[in-house]
Amino acid sequence: MFLILLSVGITQIGIKAEWRGHHGRLVLFLGNKSTNPLTSVQALILPPAHLKLELSPVPDTIPPRAQVLH
């Protein structure tokens, strides 16, 4: 399942979900629709305590017309 959560101006945020039995994987997509890089990018994830998470760092910059995974 892929879902765009937000698409405003030059920013797009989406999520992809995969499930195998009771194990799930969520991937957050951060997109830049601009012709200029997005700089000083940050993401704050506040998960419930009962979930096990493996988070990857968010890059400081998203290149023009590109998506990054988190």
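The values are calculated or read from the model by the stated rules, or taken from the named source; none is laboratory data. Every value quoted in this text rests on a predicted model; they were computed, and no experiment measured them. Heavy atoms of the whole protein, side chains included, go into the accessibility calculation; ligands, DNA and RNA do not. Shrake-Rupley method; radii C 1.70, N 1.55, O 1.52, S 1.80 Å.
Of note:
- For Thr39, the accessible area of its heavy atoms, probed at 1.4 Å with every protein chain present, is near 90 square angstrom.
- Compactness relative to 2.2 N^0.38 Å, alpha carbon Rg of the chain: 1.21
- Computed in the context of the full set of protein chains, the accessible area of the chain at 1.4 Å probe radius has 60% of its extent on carbon or sulfur.
- Amide H contacts of Ser34 (H built 1.01 Å from N, under 5 Å, at least 5 apart or other chain): Arg65
- The chain - accessible surface per residue (Å², probe 1.4 Å): 79 Å²
- Here the contact order of the chain, divided by its residue count and restricted to Cα pairs under 8 Å and six or more residues apart, works out to 29 percent.
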